[in-house]
1. What lysines sit close enough to residue 224 to cross-link, taking a C-alpha to C-alpha distance under 19 Å and skipping anything fewer than 8 places away on the same chain?
2. Return the whole-Å distance between the Cα centroid of the range 229-302 and the Cα centroid of the range 117-167.
3. Would you look at the GNM of the chain, springs on alpha carbons closer than 10 Å, and say which of 212, 63, 76 moves the most?
4. Build a GNM of the chain with springs between Cα atoms under 10 Å: which of 366, 405, 321 gets the top mean-square fluctuation?
5. Can you sort 134, 397, 128 from fewest to most other Cβ atoms within 10 Å of each residue's own Cβ?
6. Going toward the positive end of the dipole of the chain, with +1 on Lys and Arg Cβ and -1 on Asp and Glu Cβ, which of 329, 161, 43 do you reach last?
7. Which pairs in the list 371/401; 125/296; 85/401; 359/401; 125/228 are over 21 Å apart, alpha-carbon to alpha-carbon?
8. Who wins for biggest fluctuation among 61, 201, 41 in a Gaussian network model of the chain, springs between alpha carbons below 10 Å?
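What follows draws every value from the coordinates through simple rules; no lab data is involved. No experiment lies behind these values; they were computed from the predicted model shown. Using ideal geometry, Cβ is built from the backbone for each residue, glycine included, and neighbour counts are taken over all protein chains shown.
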Amino acid sequence: MSTHDTPQATEQHTPPPADDLGFDLPPPAALTKTQVIAACAGIAIVLGGLFAFTYLPRRNARAALEQDVKTTETAAPRVEVVTPKAVASDRALVLPGSVQPLEETVVYARVSGYVRKWNVDIGDKVTEGQVLAELDTPELDRELTQAYAQMAQAKAGLLQAEANRDLSKANLSRYEQLVPAGVASQQDLEQRQGQAHVDAASVTVAQAGITAAAANIQRIRDLKNFAKLVAPFAGTVTFRSVERGALVSAGNGSPLFRIAATDPVRVFVGVPQDVAPSVKLNAPAQVLVREFAGQKFEGTVARTSGALDAATRTMNTEVRVPNPDNKLLTGMYAEVSLTLPSPHRVLEVPATSLYNDAKGLRVAVVDAENKIHFVPITIERDTGATILVSTGLDGSERVVKLANVQLGEGMKVEMLK
């Protein structure tokens, strides 16, 4: 072993610890008992202050809230009530309608023939009985000539029958004298009697033939009069299809003219079921058409169908409007304004009073004992802020103004002043 490896040499070369400060710290100061008690008392005071400022107010507020809830649960609910107000039952309606002529007809040819001339065209005003067109009827003319010949023949036949009747009567008179004298037999007398009856009947037949011939002549004359087509009433020609020389046939196969009477005009509207019973004859109405913006055509209710259409549940109503200037054209779309009273009394309540649930439409009513009762109602009309009630109320009730789901049937309430 080397002399340099002695323990003493080893200790001299050992490095100092990492936490060695190089000097010695003074010993810690010891707290006295009084100081420790004072520190603990200070901490206790701080914690107590925090407790007093945080927990206690919350506990008191919670207790007050619980007390208010208990008071609320045991106290009667407070509600505001209103009395239903009777309102005017008049209802203004604007209904779509169609302008139609007062009268309209299509003129057909009653006899067959050729158009000789026509006197009116579309847009022309015509008077009742005015000739619209004339027809040539050659076949009808020949029939009339034949009918006159048949009349002459019938008259000649009557003369012949009367002559035969007179001869038979004379022969019968002679034989009535010869038979008692024994010159003629009874059989000859009977033959003369039979011939006299036949000849007398022939006169009756001839007279009937004359009557038939006269009736046939009159029939053809009447048909001949239809060769002139006349207007059945005063109006405006809205259609013409005839031309000179055209062959027309009797019947309703091809119309020749159409005539419409447009002063006044008729406007038809469908009145809803709920106010249909209120429609009265001569009630005023106003007709508007968009082609004459701002102009109102005054009219009156002329008639109603008196029944509802099964498909639309509306009643067809005619409004008659004077049209002297012919501004309203047939076929125009129009809007008709009517003011009709409701057939029953209507009461108004706030819309906030309405309960709408599985039991239907209801309102809450406060009775004389301040208890809640729910009454079913029928709404006539909803105006937004209010509703108009037609059934369920009589106007003397106290209706809860604001519907509340917490209210129940028979619950006692307190009314707000």
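1. Residue 224 reaches 117.
2. Using only Cα atoms to place each centre, the spacing works out to 37 Å.
3. Of 212, 63, 76, the most mobile in the Gaussian network model is 63.
4. Fluctuation is largest for 405.
5. Final ranking by Cβ density, sparse to dense: 128, 134, 397.
6. After comparing all options, I get 161.
7. Working: 371/401 15 Å; 125/296 26 Å; 85/401 13 Å; 359/401 19 Å; 125/228 18 Å.
Flagged as over cut-off: 125/296.
8. 41
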